[in-house]
Amino acid sequence: MRLYLRPILSLSVRAIFACFFINKYQADYYRLSLKSAHFEVAIVTKIRNIAIYGKGGIGKSTTSSNISAALSEEGYKVMQIGCDPKSDSTNTLRGGRFVPTVLDKLRSGKRIETNEIVHEGFNGILCVETGGPEPGVGCAGRGIITAIELLKQKKIIEEFSPDIIIYDVLGDVVCGGFAMPIREGVAEQVYTVSSSDFMSLYASNNLFKGIKKYSKSGGALFSGIIGNSINLPINEEIIQDFAANTKSTIAGFVPRSLTVAKAELQGKTTIEADPDSDQAELYRNLARKIISNESRYVPAPLGTDELKAWAESWYDRLLQHNKNQEQQDTEPVKSDLKYYELKPDSAKAKVK
Amino acid sequence: MTSNNSEASVISEPKYPEVMEAPRYSCALGGAISTALGIFGTVPILHSGAGCGQAHLNGQAYGCGENAGGPQGGTSTPCSCLVEEHVIFGGENKLRNLIQSSIELMDGDLYAVISGCVPALTGDDVESVVKEFKEKANIISIKTAGFIGNSYKGYELFFLSTIDQLLKPLPVKKGRINIFGVVPYQHLFWKGDLKVLKGTLQRLGIEANIILREFNGLANLLEIPAAELNVVLSPWNGHEIAKSLQEKFGTSYLTFPGVPVGPKQTSNFLLQLAGRLNIPEEKVQEIIEEEERIAYRFIEYLGDVHILGLPHPYFAVVADSGTAIGVTQFLANEMGYLPETVIITDNPPQEARAEIIHQLSVNIESIFKPDIIFESDSHKIRLKLRDRSFLVLLASSLEKFIAADLGATVHLSVSFPSFDRLILERSYAGFGGGLNLMEDILSKTVAPL
């Protein structure tokens with residue numbers, strides 16, 4: 001009996017030691033990550049899948065591309081997947097050029113080679129566009145489902161093994177197709193880009209409904225609102241109030257800036273076109289916050305009537321604000337960036 | 001649902017209608033294909049997945065007394081066979097090419113573009129594609145997303161689309177009627193019943209446009225507005241068609257609860273019809289007398305088998321409302337059979353159910369009134385036939401083995417689906433229809449050798 005036990009005992013002792021060393025090793029890495037002000041590529045052990053939703057034209061492609069650019073500068077291997085039939089998500093990463101989309105290739109009926117749908121952009125960012133039908137024809141939602149399934153089938157993600165994947169998705173979540181990136185097994189974290197306009201917040205609220213639905217079946221969870229096109233303090237207040245009402249958090253605010261418009265006209269991200277600008281730094285800060293933000297939760301979307309009542313509650317305040325604005329019009333305009341310095345601490349405090 | 005009539009006990013709705021085993025109909029697209037195939041000379045062009053046409057052949061056509069699809073149906077049906085590419089990018093181009101080649105390759109008087117679920121969801125503009133071919137051929141489009149209803153709905157949609165897209169006002173011909181409510185490939189005896197009714201009505205001087213099963217199908221369709229009266233042989237199906245024709249062409253309509261089976265129902269039908277068409281009653285009575293004399297003289301031949309072999313048995317019916325009313329009333333009112341239960345399988349709308357219950361209770365002359373159950377689920381039908389005592393089961397072929405388990409019970413397929421008999425021109429309609437029905441029931445039990 002003892003003869004049998006001895007080798008087993010010695011094996012288990014070895015195993016315990018091994019576990020100890022592995023744990024210590026890992027713990028060091030985590031400690032590093034907590035202390036480090038900058039990012040450590042090595043600590044990312046799993047692909048970070050992030051979906052960025054927002055109402056059409058609200059600036060989600062601009063924001064996504066700048067975040068991708070900022071993360072690639074930090075040494076991450078980033079893949080940006082545009083999920084919009086317009087297929088212009090990655091334009092500014094590719095010198096303003098459209099790339100052939102997954103669905104274009106599928107439509108051609110020919111065998112699809114990986115390099116035909118994954119295109120390298122600024123700083124080695126992998127650009128993919130799902131594409132879609134002509135406006136008014138076919139089913140764009142099904143297009144997105146098919147394209148994402150095709151990426152899985154072709155094992156594109158495994159082949160390129162990016163550290164971070166950013167899905168840039170048309171944001172009203174009008175049908176199941178546009179909810180594809182938040183279903184189980186695609187993205188884990190969702191952000192929404194929104195201005196303080198009611199329709200934009202309405203789209204965000206719809207997204208919250210989608211997240212709430214899929215959260216029960218292992219879908220993606222919410223990580224924060226990115227306030228975009230912020231001109232005035234009141235814009236920020238509106239978004240903050242919306243976040244408070246929907247039990248959501250704010251990942252950051254991005255002011256409206258001419259630098260962005262200029263860069264886009266050149267077919268570039270702000271980070272590429274004007275790397276030393278304040279706006280580029282602002283996008284870098286936002287990217288850092290997003291990558292260090294582990295918070296994931298289910299927001300509490302407002303019902304249709306609640307949302308309407310909430311929007312009405314802002315009506316009087318906006319009227320008053322506009323009156324004040326008219327009085328101030330004669331005064332010289334301040335640079336918007338002066339007001340908007342990122343407040344990482346206050347934003348962090350809100351993250352659950 | 002509870003009946004107002006205390007004598008009939010009616011069992012309530014199924015609790016889980018979203019789950020159904022082997023329903024007794026196909027989808028709206030199935031009904032529209034059936035109708036197109038029933039109107040000879042019509043080429044159905046399916047704008048759907050390839051499975052829709054195949055399912056029609058296997059489910060609807062074979063289920064209707066093992067019938068094939070005919071020269072334009074079955075595996076010869078032109079179909080756009082939509083795949084994922086068409087879902088995403090739209091299937092209009094493929095449909096355009098399909099219509100073009102179908103017109104070139106398939107001989108037909110009328111082309112019916114029947115679109116299914118996929119183009120309905122992706123929003124293909126089928127109508128504008130069809131419009132491009134209006135100069136080249138007689139062509140109509142029928143939007144029958146399968147999910148909008150069952151075969152009965154598809155039948156109605158076919159005619160409603162025809163009324164909208166094809167029919168023009170015509171001068172009314174005296175003594176001409178259209179017959180609706182008999183859904184081809186769904187009503188098992190559509191070919192035979194319509195032929196018999198047309199012949200019977202001819203004796204009264206009524207020219208019946210039965211539309212289906214005749215070689216001049218398109219001409220029949222185009223002449224629909226020329227009718228003096230539209231007759232609908234169903235307690236609910238086809239009523240929409242008659243209403244639409246009344247709105248558009250001012251034609252009034254008469255509904256009858258089903259295809260009349262045997263002398264009593266047929267006489268009643270003729271009297272009602274003659275009343276509406278102002279045909280002298282004496283003339284009708286004369287024909288009724290003549291026909292009844294033949295029918296009852298022949299029924300005497302089965303007298304001994306009836307009395308010695310299967311005297312006044314309890315019977316159960318599982319059928320669509322029209323067939324159920326016709327068969328139950330004939331057996332109860334003319335043969336002295338005792339109705340145990342009637343299960344209505346065609347899922348009639350709520351507003352039509354009171355009339356169906358009335359027909360199956362008040363209009364049953366026997367003191368035994370059947371339990372009336374509205375149920376389309378084959379599994380629940382099986383459960384509801386348990387613990388009942390009947391010697392004759394007139395149902396679909398899905399109930400064949402229920403009867404076999406009961407031992408002595410005679411089973412005859414009279415309703416959809418019937419895979420266990422071949423039905424070409426068999427008919428239970430008209431004065432002689434009851435004889436045919438008795439022939440089929442008693443042949444199953446008459447003697448072992």
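For a label point 7 angstrom out from the Cα of B:ALA408 toward its Cβ, which stretches of the range B:280-313 have the backbone nitrogen within less than 13 Å?
Zone members listed by number: B:308-313.
For the interface of A with B, what's the total buried accessible surface in square angstrom, probe 1.4 angstrom, rounded to the nearest hundred?
Working: alone 18470 and 18520 Å², together 36140 Å².
Separately minus together, A and B give about 900 Å² buried.
Enumerate the lysines that B:LYS369 could reach by cross-link, defined here as Cα to Cα under 18 Å, with residues fewer than 8 away along the same chain left out.
Those lysines meeting the cut-off are B:LYS384.
Work out, in µm²/s and without decimals, the Stokes-Einstein translational diffusion coefficient of chain B at 20 °C, 1.002 mPa s, Rh from Kirkwood over C-alpha pairs. Can you show the working numbers first?
Working: Rh = 22.6 Å.
The diffusion coefficient I find is 95 µm²/s.
How long are the three semi-axes of the equivalent ellipsoid for the protein assembly as shown, computed from the Cα gyration tensor as the root of 5 times each eigenvalue, in whole Å, largest first? Intermediate results must be reported in sequence, preceding the final value.
On the way: eigenvalues 972, 212, 132 Å².
After scaling each eigenvalue by five and taking roots: 70, 33, 26 Å.
Among the lysines, select those whose C-alpha is under 20 Å from the C-alpha of A:LYS323, and discard any that sit fewer than 8 residues away in the same chain.
A:LYS334
If you stretched the chain out fully between A:ASP305 and A:PHE98, how much longer would it get, using 0.36 nm times the residue separation minus the C-alpha to C-alpha distance?
Values: separation 207, 0.36 × 207 = 74.52 nm, distance 4.10 nm.
The span from A:ASP305 to A:PHE98 would gain 70.4 nm if fully extended.
Mind ordering B:63-69, A:177-183 by average Cβ neighbours within 10 Å, highest first?
Details: B:63-69: 20.6, A:177-183: 23.9.
So the peptides B:63-69, A:177-183, ranked by packing, come out A:177-183, B:63-69.
In the range B:94-143, what percent of the accessible surface is made up of carbon and sulfur (1.4 Å probe, ligands and nucleic acids excluded)? List each step's numbers first, then the result.
Numbers: 1160 of 2410 Å².
Carbon and sulfur together cover 48 percent of it.
Could you work out how far apart the two model spin labels at B:GLU104 and B:ASP304 are, taking each label as a point 7 Å from the Cα in the direction of the beta carbon, and quote it in nm?
Here the answer is 6.8 nm between the modelled labels.
Hey, what did the range A:46-327 get for relative contact order, percent, Cα under 8 Å, at least 6 apart? Mind showing how you got there, number by number?
Details: 551 pairs, mean separation 64.5, N = 282.
Across the range A:46-327, relative contact order equals 23 percent.
Which value in deg cm²/dmol, rounded to the nearest 500, describes the helix-derived mean residue ellipticity at 222 nm for the protein assembly as shown, given -39,500 (n - 2.57) per DSSP H run of n ≥ 4 and division by the residue count?
-13000 deg cm²/dmol
Which length gain, in nm to one decimal place, applies between B:MET20 and B:ARG203 when the Cα-Cα distance is subtracted from 0.36 nm times their residue separation? All intermediate terms of the calculation are to be shown ahead of the outcome.
Values: separation 183, 0.36 × 183 = 65.88 nm, distance 4.48 nm.
Contour length minus Cα-Cα distance gives 61.4 nm.
With no solvent and one equal point scatterer placed on each C-alpha of the range B:22-159, evaluate the Debye formula and give log10 I(q)/I(0) for q = 0.10, 0.14 Å⁻¹, two decimals.
Taking Cα atoms of the range B:22-159 as identical point scatterers yields -0.27, -0.55.
Within 10 Å of each candidate Cβ there may be at most 11 other Cβ atoms; applying that plus a DSSP loop requirement, which trypsin sites (Lys or Arg not before Pro) in the range B:136-194 survive? Mind dumping the intermediate values first?
Values: sites: B:LYS136, B:LYS143, B:LYS153, B:LYS173, B:LYS174, B:ARG176, B:LYS191; in loops: B:LYS136, B:LYS173, B:LYS174.
Of the trypsin sites (Lys or Arg not before Pro), the ones in loops of the range B:136-194 whose Cβ has at most 11 other Cβ atoms within 10 Å are B:LYS174.
Just report the Cα centroid separation between the range B:197-270 and the range A:210-264, whole Å.
Answer, in whole Å: 65.
What is the calculated FRET efficiency for B:SER76 to B:LYS136, with r their C-beta to C-beta distance and R₀ = 25 Å, to the nearest 0.05?
Working: r = 21 Å, r/R0 = 0.83.
Calculated value: 0.75.
Over 18 Å apart: what share of the alpha carbon pairs of the range B:176-296 falls there, rounded to a whole percent?
Details: 3629 of 7260 pairs.
Roughly 50 percent, once rounded to a whole number.
List the trypsin sites (Lys or Arg not before Pro) within the range B:317-424 that fall in a DSSP loop (any state other than H, G, I, E or B) and whose Cβ has at most 12 other Cβ atoms within 10 Å.
Loop-located and lightly packed - B:ARG386.
Filter the cross-link list A:LYS55/A:LYS289; A:LYS86/A:LYS213; A:LYS110/A:LYS154 down to pairs whose alpha-carbon distance in this structure exceeds 19 Å.
Values: A:LYS55/A:LYS289 22 Å; A:LYS86/A:LYS213 27 Å; A:LYS110/A:LYS154 14 Å.
Violating the 19 Å limit, Cα to Cα: A:LYS55/A:LYS289; A:LYS86/A:LYS213.
With every protein chain present, what is the per residue accessible area of the protein assembly as shown (1.4 Å probe, Å²)? Don't skip to the answer; put the middle values down first.
Working: 36140 Å² over 801 residues.
That works out to 45 Å² per residue.
In terms of Cα to Cα distance under 17 Å, which lysines are near enough to B:LYS380, apart from those fewer than 8 places away along the same chain?
Filter leaves B:LYS15, B:LYS400.
Please state, as a whole number in µm²/s, the translational diffusion coefficient that the Stokes-Einstein equation yields for the range A:46-327 at 25 °C and 0.890 mPa s, with Rh defined as the Kirkwood radius across alpha carbon pairs.
Details: Rh = 19.0 Å.
Value of D from the Cα-based Kirkwood radius: 129 µm²/s.
Any idea what the relative contact order of the range B:176-296 is, in percent, if you count C-alpha pairs under 8 Å spaced at least 6 apart?
On the way: 142 pairs, mean separation 29.9, N = 121.
That works out to 25 percent.
Any chance you could count the Lys pairs in the range B:154-288 whose alpha carbons are under 23 Å apart, treating pairs 8 or more apart or on different chains as valid?
Lysine pair count for the range B:154-288: 19.
Direction-averaged shadow area of the convex hull around the Cα atoms of the range B:114-253, nm²? Present the calculation step by step, with values, prior to reporting the outcome.
On the way: hull surface 36.4 nm².
In nm², the orientation-averaged hull projection of the range B:114-253 is 9.1.
Just name one of B:ILE210, B:VAL87, B:CYS27: the one whose Cα is farthest towards the positive end of the charge dipole of chain B (beta-carbon charges, Lys/Arg +1, Asp/Glu -1).
B:ILE210
Just list whichever of A:LYS60/A:LYS209; A:LYS77/A:LYS152; A:LYS155/B:LYS94; A:LYS152/A:LYS212 have alpha carbons separated by over 23 Å in the model shown. Don't skip to the end; give the middle numbers.
Details: A:LYS60/A:LYS209 19 Å; A:LYS77/A:LYS152 18 Å; A:LYS155/B:LYS94 31 Å; A:LYS152/A:LYS212 25 Å.
As for pairs spanning more than 23 Å Cα to Cα, those are A:LYS155/B:LYS94; A:LYS152/A:LYS212.
If you roll a 1.4 Å probe over the range B:40-93 with all protein chains in place, what percent of the accessible area is carbon or sulfur? Spell out each step's value before the answer.
Working: 970 of 1770 Å².
Carbon with sulfur: 55 percent of the solvent-accessible area.
Only sites in a loop by DSSP and with at most 13 other Cβ atoms within 10 Å count here; which GluC sites (Glu not before Pro) in the range B:306-402 make the cut? Each step should come with its number before you reach the end.
Values: sites: B:GLU334, B:GLU340, B:GLU351, B:GLU355, B:GLU365, B:GLU375, B:GLU399; in loops: B:GLU365, B:GLU375.
Those that pass, being in a loop and sparsely packed, are B:GLU365.
Under 8 Å for C-alpha pairs, at least 6 residues apart: give me the relative contact order for chain B, rounded to a whole percent.
Details: 910 pairs, mean separation 89.1, N = 449.
Computed value for chain B: 20 percent relative contact order.
The values are calculated or read from the model by the stated rules, or taken from the named source; none is laboratory data. It should be emphasised that the depicted structure is a prediction, and the values quoted were computed from it without experimental measurement. We place every Cβ from the backbone using ideal geometry, glycine too, and count neighbours over all the protein chains shown. Side chains included, ligands, DNA and RNA excluded: accessible areas come from the protein's heavy atoms. Shrake-Rupley method; radii C 1.70, N 1.55, O 1.52, S 1.80 Å.
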